[in-house]
Amino acid sequence: MTVSGLLEEASRWAQVAEQSLPRGYEGFYAPGVDLIVLDSRLTPVQRRCVLAHEISHARHRDAGCHVDKWVERRADQEAAMMLIDPLEYAYAEAVYEGNVVGMARELNVLPWVIAAYRERLHDDPNLAVL
């Protein structure tokens, strides 16, 4: 999904704003005001991945940053499903022989998105393209 598509999806759940965030924060969802805030210094790839992750939090009205590992895992996996096309993933997996960094570059995502996509495939093998 493109950034414009992500912004359209985000608008269904929250407003999106950008500002300089403290070191270590790339973005967050504020449930009380239905606001997704992204760090204004993110690269385009980071912005796309973080926005998809925060959209998941907004959809579920998750409270607070790093609520628990299960909520973060769900947000990562939902982001991965928004960002990665199954056929493109299969191609990248074959071409880069499973190299996460190469696959991430090919698919225009961060390596954690590849890891989350793989977890999702492990949880539901029916998603795999054969």
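The values are calculated or read from the model by the stated rules, or taken from the named source; none is laboratory data. Treat the numbers as computed from the prediction; the structure is a model and nothing was measured. For neighbour counting, all protein chains shown are included, and Cβ atoms are generated from backbone atoms with ideal geometry for every residue, glycine included. Note: accessible area is taken over every heavy atom of the protein model, side chains too, but ligands, DNA and RNA are not part of it. Shrake-Rupley method; radii C 1.70, N 1.55, O 1.52, S 1.80 Å.
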**Message:** Anything in segment 2-33 that is farther than 11 Å from Ile55 by Cβ, of a type in the set (A, V, I, L, M) and either open to solvent by 60 Å² or more (accessible area, probe 1.4 Å) or in a helix (DSSP H, G or I) (or both)? List them, or say none.
**Reply:** Val3, Val33
**Request:** Give the residues of segment 53-84 that are of a type in the set (Asp, Glu) and modelled with pLDDT under 95, sorted by residue number.
**Result:** Asp62, Asp68, Glu72
**Item:** Exclusive hit being at pLDDT 95 or above, surrounded by fewer than 14 Cβ atoms within 10 Å (Cβ to Cβ) and not in a loop (DSSP other than H, G, I, E, B), set Val101, Val45, Val50
**Value:** Val101
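Conditions tested, residue by residue: (1) at positive phi; (2) of a type in the set (Ser, Thr, Tyr); (3) free of Cβ contacts under 8 Å to residues at least 40 places away in the same chain.
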position: Arg59; (1), (2), (3): no, no, no
position: Asp68; (1), (2), (3): no, no, yes
position: Ala80; (1), (2), (3): no, no, no
position: Asp85; (1), (2), (3): no, no, yes
position: Ala92; (1), (2), (3): no, no, yes
position: Glu97; (1), (2), (3): yes, no, yes
position: Val100; (1), (2), (3): no, no, yes
position: Arg105; (1), (2), (3): no, no, yes
position: Pro111; (1), (2), (3): no, no, yes
**Message:** Looking at segment 67-76, can you tell me whether even one residue there is closer than 19 Å to Val3 by Cβ, touching an Asp or Glu at 6+ places or on another chain (Cβ under 9 Å) and not β-branched (Val, Ile, Thr)?
**Reply:** yes
**Prompt:** Looking at segment 104-120, which of its residues are over 18 Å from Trp70 (Cβ atoms) and either modelled with pLDDT under 95 or open to solvent by 70 Å² or more (accessible area, probe 1.4 Å) (or both)?
**Reply:** Arg105, Glu106, Asn108
**Item:** Any pair with Cβ under 6 angstrom, 6 or more apart, that starts in segment 24-46 at a residue that is over 15 Å from Ala79 (Cα atoms) and ends at one that is among the acidic types (Asp, Glu) and surrounded by 16 or more Cβ atoms within 10 Å (Cβ to Cβ)
**Value:** Asp39/Glu26
**Fill in**
Note on segment 81-98: residues open to solvent by 60 Å² or more (accessible area, probe 1.4 Å) and within 18 Å of Leu6 (Cα to Cα) are Met81, Asp85
**Request:** Restricting attention to segment 61-73, report how many residues are in a helix (DSSP H, G or I) and buried (at least 16 other Cβ atoms within 10 Å of the Cβ).
**Result:** 2
**Message:** Anything in segment 10-26 that is in contact with a Leu (Cβ under 9 Å, 6 or more places away or on another chain) and closer than 19 Å to Met81 by Cα? List them, or say none.
**Reply:** Ala10
